[in-house]
Amino acid sequence: MFEFSAFSLYDAAFLAIGGVTILGALGVVLFRNIIYSALSLVFTMLGVAAIYFQLNAGFLGAIQILVYAGAISVLIIFAVMLLMNKEARRTNLPTTRTKAWFAGGTITVMMLASIIAAVGFSEWPKTALQGVDNSVGMLAELMLGDYVIAFEAAAILLLVAVIGAIILAKGVENK
Amino acid sequence: MQEINLEQMVQKLEEQLGDKLITTRDQFFTVLNIDKMALPTLMLKLRDDYGFNHLANLSSVDYGEEFEVVYHLYSIPANDKVCVKTRIPRISAEVDSLIDIWPTADWQEREVYDLMGIKFKGHPNLIRVLLPDDFVGHPLRKDFVMGGR
Amino acid sequence: MMQSDIYNVNVGPIHPSTHGGLHAEAVMDGEIIQDVIVHLGYVHRSVEKIAESKTYQQFVPYTARLDYLATNLPVLGYCQAVEKLLGIEVPERAEYIRIIMAELSRIASHQIAISATGIDLGATTGLMYGMRDRERIMNIFEMTGGQRLLSSYIRIGGVGADIPDEFIPAVQSFVNDIPKMMDEYNGLMTGNEIWEARMKGVGILSKEDAVKYGVTGPNLRASGIAYDIRKAEPYGIYDRFDFDIPARSGGDSLDRWNIRIEELGESGRIIQQALDNLPEGEVKAKIPKVLKAEAGTEVYHRIESAKGELGYYIVSDGGNKPYRLHVRAPSFINLMVLPLVCRGGVFQDLITNIATLDPILGESDR
Amino acid sequence: MEHLFTNLATALTGWMITLGLSPVWADVILLLVKWIIIITIITLNIIILIWLERKVSAFFQERLGPNRLGPFGIFQTIADAIKLLTKEDIVPSAADKLIFKTAPMFFIVVAVMLYTVIPMGQGMEVINLNIGLLFFISMGSLSTIALLMAGWGSDNKWSLMGAVRSVAQMISYEIPLAFSLLGVVMISGSLNLQDIVAAQDNIWFVILQPIAFLTYFIAATAELNRGPFDMPEAEQELTGGAYTEYTGMRWALFFLAEYTNLVAVSALMATVFLGGWQGPWLPSWLWIIIKTYGVILVFFWVKWTFPRIRMDHLMSFSWKVLVPVSLGNILLTGAGIYFCQWMGWC
């Protein structure tokens, strides 16, 4: 009889989820077909949500699915479909311009470096944090208590953005 | 009452159109045989002056050397009816389109064109309506050779 | 600022709600219909050419296939046209039976129109209600002609055979139930909020346009013109019956739907009167085996079919076959307004409009 | 009877531990067993449901419905399933094959995921998530992507139109769907479905939250793509919408997933508004089944009575009626709770 400890099972799950997330993220960048890229994005989002769930941040995970995987991705796919040219199959072709390659490469290296630095220099807790039992209630108290002004300001900002989008889409009537 | 009206109308029309119009009567209809050049004039008069607002039927008959285009007109308010016929030679089978007078002539003329091969001058969209676009010939002509059996 | 491409959607000829092979090409801007291009001829059988090689009697069954949902009406029109041409007198009893059969056919056709509108708008149960009631008419047809759908019971000079004994009770019980049926259709669909929203103001056909485009039948009456050939130019013995012509004024889909339900009741009244006055006697005139009309005679005979003015134009050259036969098909003419009523509506309105204009493709494609 | 299944589960775990498995592995295996049972139940349930829907619709339409295979035609669905399994699997040559093939699988996976959190009885659920309700809503929102994949992958105008319509519809109706549940959450003070059931000990939420119940029912009908909101399918207009190009088993998967969704949403409705597994005399797991089937029958009733609504009416109904009403319900509930506390009743 072979035996696994609880920790290793947790690790295995994490590896699987992380693998899906990274593969999805790679797919977003590497797929030639932009619809495939958009759908890979869904898998990335789902992977991130799964990681949240694993960290006992269920609320965040559910919101991640609801907003990012369920809504934002659909929005992106919609935008792609509406703005797309006739040839949908090969829309994400790599550019041939060296300048663009250079700029993209620089940004990638810088971001990678900063992430590695952030991971390397952080103090990580050695055991998994125990999740708070009533995380939703605490979030609610923070959002509608301590940070209510910021919360409401964000809401008004979003409203303004929505109205702006409608005006842009409908167009101002010319005399 | 109606009969008298129709009689008066025919008389008046005969005066106006002269020898271009020959009136005959069968047991069902008063038939106005009109020269094809005067067809739109007559039809306009019939619609505007005598209230024939319903072009019920537009058809054609193949009489060998000539085609006959037949119009059955009805007047919905007065409940009158009249038949207008015009003859056109087979070699230049063409007659003025009535689509401006009765829009309902649109598909009916297309049908006559499709099946009988009569062209309607001034029809904006004279294409086949029942048969496929690549069909050759006009089946209702008497000289149409039927395939199969 | 937002611009979108125009694209075409081919509705039909193989499509669940095109009533048997209509091909309508919708030119769409998003969900809005810019135009509809109707392509006909999917079920074209060149009936008019066939007529030229069949004797007058042989052609009778072909006419039944024109409007296969109201099978007795096109047969009646054709037989009456030939009788007019040849001067044949039809016995009284046959005239009354013809009226009963014709009105039953009209009810059958309207029930299809009503119930098919139901299913086209997604109310599947509506279809079943209409079909259930129509089944009784089919049984009555089976009693007379032996055929349920494509009956050629009406013949030149009368009807095929006398009615069987069970015919009158069956028709009587059906007529008695017509008000109940109307209530049921109205109860299931007419008052429904969604139904009204889908139909009201959809596909408006104005009075002027209806006349200009030669629209006839229930569609014309829904646009506000109470014009019915049974009253305007009575054929057969229609002048002996007392009935009303229902008319509406809106000309939208809801009116076209309502008018058909109301006409069920009027047809019921006519059948009732015909049953009450049905005389005894012969059902078929003595006619020669070979029918020949005088050379050069011609006739245009029109009847009020379930779909509108159904006309037969027959030219004779003295032989036993028509020299030329033209069918003035009401569906063919009525379909002409489809682009007109659809323009500016949304895609789903196209389906509503096809359903309420009630075309039948056997007739329109011939 | 009450603890039949929970006892079975405990016994199974105990048996596995006696075999020498560690408790962690025993838990994992138990989870798998639960999943297999759920999938079996779903499949069996759907066979019954399809038969039931046929019989119910036949009853509404004064027909007989299936009546040839077996008593009352109960084997009709099985025969249909065999037919669908053996049908030719057609993949259109122009289709985007990968997306076309993944879409039905994605749809059914998402649909099955919904069952994770539904309490099927006292202490009977796969995972007792403390945000169960939110999880349910978020999982439900994923099915839009499956429909979009199907519509896009088929490379057919009807499919794409159906997909675009369904996505617009589902996104619009998610908002009143979530908002209408908020009233319940406010009263029960929890997103945990077991807590919500427990909070209905005295009174069902359908009585406290009638507006929310109605808005939820309407929005759920739209989310399920059932009549009168069956836009994406819209057989008479879009010839089957997103499913137009699917045949055989792939189409059956969509069909299966739709019914799976139907059961899940009905079960959630029973849980949130109708007291869940609570009820006298009968065991709790039977109560939830009875209530779920009751809700499903209402769904059937609505579908077989109403005509299909028009797309623009559908959208304006969501944004102009359902969203304000559900928002107003939240306000009303808040005021009610405040009033209740002020009076000292709760």
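The values are calculated or read from the model by the stated rules, or taken from the named source; none is laboratory data. Since the model is a prediction, treat every value here as computed from it, not as a measurement. Glycine gets a Cβ as well: all are built from the backbone with ideal geometry, and neighbour counts include every protein chain shown.
Every residue, every condition in (1) among the polar types (S, T, N, Q); (2) surrounded by 15 or more Cβ atoms within 10 Å (Cβ to Cβ); (3) within 14 Å of chain A (Cβ to nearest Cβ), yes or no:
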site: D:79; (1), (2), (3): no, no, no
site: D:82; (1), (2), (3): no, no, no
site: D:90; (1), (2), (3): no, no, no
site: D:93; (1), (2), (3): yes, no, yes
site: D:107; (1), (2), (3): no, yes, yes
site: D:115; (1), (2), (3): no, yes, no
site: D:121; (1), (2), (3): no, yes, no
site: D:124; (1), (2), (3): no, yes, no
site: D:137; (1), (2), (3): no, yes, yes
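Tell me, please, whether a residue that is among the small types (Gly, Ala, Ser) and closer than 25 Å to residue D:264 by Cβ can be found in segment D:7-28. Within segment D:7-28 (the criterion being among the small types (Gly, Ala, Ser) and closer than 25 Å to residue D:264 by Cβ), the answer is yes, since at least one residue qualifies.
Based on what the data block shows, is residue C:107 among the aliphatic types (A, V, I, L, M) and closer than 23 Å to residue C:314 by Cα?
Here the answer is no, as residue C:107 does not meet what is asked.
In this structure, residue A:22 does not satisfy being modelled with pLDDT of 85 or more, away from every other protein chain (no Cβ under 13 Å) and surrounded by 15 or more Cβ atoms within 10 Å (Cβ to Cβ).
Of C:224, C:236, C:201, C:187, all but one fail to be over 22 Å from the mean Cα position of the chain (by Cα) and assigned to a loop (DSSP other than H, G, I, E, B); the exception is C:201.
I'd like to know if segment D:279-295 contains one or more residues that are assigned by TED's automatic domain parsing to the domain that holds residue D:113 and under 23 Å from residue D:167 (Cβ atoms). The answer is no, given that none of the residues of segment D:279-295 is assigned by TED's automatic domain parsing to the domain that holds residue D:113 and under 23 Å from residue D:167 (Cβ atoms).
Out of all the residues in segment C:38-55, which are facing chain B (nearest Cβ under 9 Å), part of a loop (DSSP other than H, G, I, E, B), of a type outside the set (Gly, Ala, Ser) and closer than 30 Å to residue C:351 by Cα?
Restricting attention to segment C:38-55, the residues satisfying the condition of being facing chain B (nearest Cβ under 9 Å) are C:38-41, C:44, C:46, C:48-49, C:52-53.
Now restrict to residues that are part of a loop (DSSP other than H, G, I, E, B): C:40-41, C:44, C:46, C:52-53.
Narrowing further to those that are of a type outside the set (Gly, Ala, Ser): C:40, C:44, C:52.
Correct list: C:40, C:44.
Taking residues in segment D:192-218 that are free of Cβ contacts under 8 Å to residues at least 40 places away in the same chain, and partners anywhere that are assigned to a loop (DSSP other than H, G, I, E, B), the pairs with Cβ atoms closer than 8 Å and at least 6 places apart or on different chains are D:195/D:189; D:199/D:189; D:199/D:190. Exactly one residue out of D:119, D:104, D:92 is touching a Leu at 6+ places or on another chain (Cβ under 6 Å) and assigned to a loop (DSSP other than H, G, I, E, B): that is D:119. The set of residues from segment B:49-67 being assigned to a strand (DSSP E or B) and surrounded by 18 or more Cβ atoms within 10 Å (Cβ to Cβ) comprises B:54, B:55, B:56, B:57, B:58, B:59, B:60, B:61, B:62, B:67.
Please determine, by comparing only the residues of segment C:311-366 that are within 21 Å of residue C:60 (Cα to Cα) and aliphatic (A, V, I, L, M), which one is surrounded by the fewest Cβ atoms within 10 Å (Cβ to Cβ). My answer is C:315.
Just to check your reading of the model, which residue among B:130, B:46, B:98 is part of a loop (DSSP other than H, G, I, E, B) and more than 11 Å from the chain's Cα centre (by Cα)?
Numbers: B:46 fails: part of a loop (DSSP other than H, G, I, E, B); B:98 fails: more than 11 Å from the chain's Cα centre (by Cα).
Sole residue among the options that is part of a loop (DSSP other than H, G, I, E, B) and more than 11 Å from the chain's Cα centre (by Cα): B:130.
As a summary of the residue check, residue D:201 satisfies the conditions (1) out of contact with any Phe, Trp or Tyr (no Cβ under 6 Å at 6 or more places or on another chain); (2) among the acidic types (Asp, Glu); (3) surrounded by 19 or more Cβ atoms within 10 Å (Cβ to Cβ) except for the one numbered (3).
A quick yes/no check of all residues on (1) of a type in the set (Lys, Arg); (2) part of a helix (DSSP H, G or I); (3) within 14 Å of chain D (Cβ to nearest Cβ); (4) in contact (Cβ under 8 Å) with a residue 24 or more places away in the chain:
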site: C:90; (1), (2), (3), (4): no, no, no, yes
site: C:98; (1), (2), (3), (4): yes, yes, no, yes
site: C:110; (1), (2), (3), (4): no, yes, no, yes
site: C:116; (1), (2), (3), (4): no, yes, yes, yes
site: C:122; (1), (2), (3), (4): no, no, yes, no
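Scanning segment B:40-83 for residues that are among the β-branched types (Val, Ile, Thr) and either out of contact with any Cys (no Cβ under 7 Å at 6 or more places or on another chain) or more than 8 Å from chain C (Cβ to nearest Cβ) (or both) turns up B:41, B:61, B:69, B:76, B:82.
Against the conditions (1) crowded, with 20+ Cβ neighbours inside 10 Å; (2) away from every other protein chain (no Cβ under 14 Å); (3) of a type in the set (S, T, N, Q); (4) outside any strand (DSSP E or B), residue B:86 satisfies every one except (4). Just so you know, in segment B:23-45 the residues that are among the β-branched types (Val, Ile, Thr) and within 12 Å of residue B:83 (Cα to Cα) include one that is surrounded by the fewest Cβ atoms within 10 Å (Cβ to Cβ), and it is B:24.
Per-residue answers, yes or no, for (1) within 11 Å of chain A (Cβ to nearest Cβ); (2) surrounded by fewer than 24 Cβ atoms within 10 Å (Cβ to Cβ):
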| site | (1), (2) |
| --- | --- |
| D:148 | yes, no |
| D:154 | no, no |
| D:157 | no, yes |
| D:171 | yes, yes |
| D:179 | no, yes |
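Does residue B:24 satisfy the criteria of being more than 23 Å from residue C:215 (Cβ to Cβ) and within 14 Å of chain C (Cβ to nearest Cβ)?
Working: more than 23 Å from residue C:215 (Cβ to Cβ): yes; within 14 Å of chain C (Cβ to nearest Cβ): yes.
Answer is yes for this residue.
Identify all residues within segment D:283-318 that are in contact with an Asp or Glu (Cβ under 8 Å, 6 or more places away or on another chain) and surrounded by fewer than 18 Cβ atoms within 10 Å (Cβ to Cβ); write none if there are none. Spell out the reasoning first.
Taking segment D:283-318 first, the residues in contact with an Asp or Glu (Cβ under 8 Å, 6 or more places away or on another chain) are D:283-284, D:300, D:303, D:308, D:310-312.
Answer for segment D:283-318, where residues must be in contact with an Asp or Glu (Cβ under 8 Å, 6 or more places away or on another chain) and surrounded by fewer than 18 Cβ atoms within 10 Å (Cβ to Cβ): D:283, D:312.
Checking each residue in segment D:320-346 for being within 22 Å of residue D:175 (Cα to Cα) and either surrounded by 14 or more Cβ atoms within 10 Å (Cβ to Cβ) or of a type in the set (Gly, Ala, Ser) (or both) picks out D:322, D:323, D:325, D:326, D:327, D:328, D:329, D:330, D:332, D:333, D:334, D:335. Residues in segment A:157-175 that are loosely packed, with under 10 Cβ neighbours inside 10 Å, facing chain C (nearest Cβ under 9 Å) and either part of a helix (DSSP H, G or I) or at pLDDT 75 or above (or both): A:169 only.
Can you confirm whether residue C:293 is over 30 Å from residue C:211 (Cβ atoms) and away from chain B (no Cβ under 14 Å)? If you could, list the steps in order and put the result at the bottom.
Details: over 30 Å from residue C:211 (Cβ atoms): yes; away from chain B (no Cβ under 14 Å): no.
No, not satisfied.
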